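Comments concern the structure below.
Read-outs: derived from the displayed coordinates by stated rules, not from any lab. Just so it is clear, the model here is predicted, and its values are computed rather than measured. Glycine also receives a Cβ, built like all others from the backbone with ideal geometry; neighbour counts cover every protein chain displayed.
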Amino acid sequence: MILPRGEMVHENLRTAFVDLNIFLQTLKEDNFTGYVQVSFWDYEGILFLEAGEIVNAFEEAQGRRRGGEEAVENIIRMSKQKDGRINVYRLAPEMVTILASTSMKEATYKDLSTEFTSLDKLMEKLNKENHSGYIDIMLSDGKGGGIIVFQEGEVVEAVMSDEKSGGVYGKDMLNKIIDDVQERGATFNVYRAGLESSGSERTGIMQASGLQGVIEVMQEVMGTIESLFDGLTKRKGSFRDNFNRAQVEKSDDYPFLDPFAAEFEYRDGEIKFSGKITAEVFVRGMRDCIQVTLDNIPVEMAKDELYRKIRSALQPTVTKFGEKIDDLGLKSSMSEFLSS
């Protein structure tokens, strides 16, 4: 999908050298508004941000597109792979609002062709309808496309990418875009911004982003405790076995931990999670499950001493994720493990 470029903030950052979670935290501190583009040769992911918060996302691969919470989580996962590029563009808040609330809506008008519809007539119709949203343009020769963005019927941005000429041009060349489209032929999809219902969607996206951050921290916490636990019991796999039993014990309180639900798995230092819960519930469930696991540790050691060893072992994690731990409130909810 072609998007307005706005102001280029960062260009061609390599995923091999950028931790996207930390990078997003920096953008949050800067109250950044715009979008982050994560690209591979066969994949594109877009994270829309307003004042540093992720408000929506979409990803496209092999002609298929999806958005929302799943897209946020997968874009962050994809960013951990090598050979990708990250670009960051600053946009006006109203532009982000339109794009973010429109990106995964069903098309209002779908697969309109220049054989039966002229672009200028379509634009006149959307003007009369006080349309907010955009026209997605796909050139018939497959060598370019574009987007025309409307706010209350007025064109506020237009971008065309022409692979044939290797050029990208904008709103100041709107007449050229119209002429090129009519000359070469195109298909249009028209999307309407869901401005009236974006609040609850955005809350879900922010929660997904927070949950992803929690999972990243908790993986390190679990890995550190596992190493310490297995060292004390002198048996590799001791922690995992006891943690699996604790999952079953706590599954009535936290259904996502139920092994039969297959929503949560911890194996080889990695957490895999596919459930739909808040970050707060996830943290509480993990904390309680770890505590049950530690209660069953088969060694002669006072509980206070054991927790002191754990806090000491986790200090590098606290240092590494300091700001994220503070922002996610993990120091208070995991004080037994993450306090100094």
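Data table
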{"read-out": "Contact order normalised by residue count of the chain, Cα under 8 Å, 6+ apart, percent", "value": "14"}
{"read-out": "The range 1-95 - Rg over Rh from alpha carbon coordinates, Kirkwood radius", "value": "0.92"}
{"read-out": "Given 11 as the ceiling on other Cβ atoms within 10 Å, longest exposed-site-free region of the chain for chymotrypsin sites (Phe, Trp or Tyr not before Pro) in DSSP loops", "value": "117-340"}
{"read-out": "The range 251-287 versus the range 61-100: alpha-carbon centroid distance in Å", "value": "25"}
{"read-out": "FRET efficiency, 1/(1 + (r/R0)^6) with R0 41 Å, evaluated for residue 23 and residue 260 via beta carbons", "value": "0.65"}
{"read-out": "Karplus (6.51, -1.76, 1.60) ³J(HN,Hα), θ = phi - 60°, over the range 218-231, in Hz, Gly and Pro reported as x", "value": "5, 4, 5, 4, 4, x, 5, 5, 4, 4, 5, 4, 5, x"}
{"read-out": "Unit charges on C-beta of K, R, D, E only; dipole of the range 1-95, Debye", "value": "300"}
{"read-out": "Neighbour-count order for 50, 280, 29, fewest beta carbons within 10 angstrom listed first", "value": "29, 280, 50"}
{"read-out": "Semi-axis lengths, Å, the range 106-192, gyration tensor of Cα atoms, sqrt of 5 times eigenvalues", "value": "19, 14, 11"}
{"read-out": "q = 0.07 Å⁻¹, the chain: log10 I(q)/I(0) [Debye, one scatterer per Cα]", "value": "-0.38"}
{"read-out": "Where labels lie 7 Å past Cα in the beta-carbon direction, separation of residue 249 and residue 66 in nm", "value": "3.6"}
{"read-out": "Under 5 Å, built H, 5+ apart or other chain: amide partners of residue 153", "value": "131, 132"}
{"read-out": "Lys/Arg +1, Asp/Glu -1 at C-beta; the chain dipole; positive extreme among 72, 282, 92", "value": "282"}
{"read-out": "Chain lengthening between residue 339 and residue 14 when straightened (0.36 nm per residue, less Cα-Cα)", "value": "113.6 nm"}
{"read-out": "Amide N proximity, the range 9-31 versus residue 83 label position 7 Å along Cα-to-Cβ, cut-off under 20 Å", "value": "12-20"}
{"read-out": "Sites residue 320 and residue 128, calculated FRET efficiency, Cβ-Cβ separation with R0 56 Å, nearest 0.05", "value": "0.50"}
{"read-out": "GNM top mover of 78, 301, 218 - the chain, alpha-carbon springs below 10 Å", "value": "301"}
{"read-out": "In Hz, Karplus ³J(HN,Hα) per residue of the range 124-134 (6.51, -1.76, 1.60; θ = phi - 60°; x = Gly, Pro)", "value": "4, 4, 5, 4, 5, 7, 6, 5, 10, x, 7"}
{"read-out": "Listed pairs 236/309; 82/236; 28/331 exceeding 22 Å between Cα atoms", "value": "82/236"}
{"read-out": "FRET efficiency for residue 41 and residue 107, using Cβ-Cβ distance with R0 set to 22 Å, rounded to 0.05", "value": "0.20"}
{"read-out": "Fewest-first sequence of 131, 10 by Cβ atoms within 10 Å of each Cβ", "value": "10, 131"}
{"read-out": "Estimated dipole of the chain in Debye, rounded to 20 [Cβ of Lys and Arg +1, of Asp and Glu -1, Cα centre]", "value": "800"}
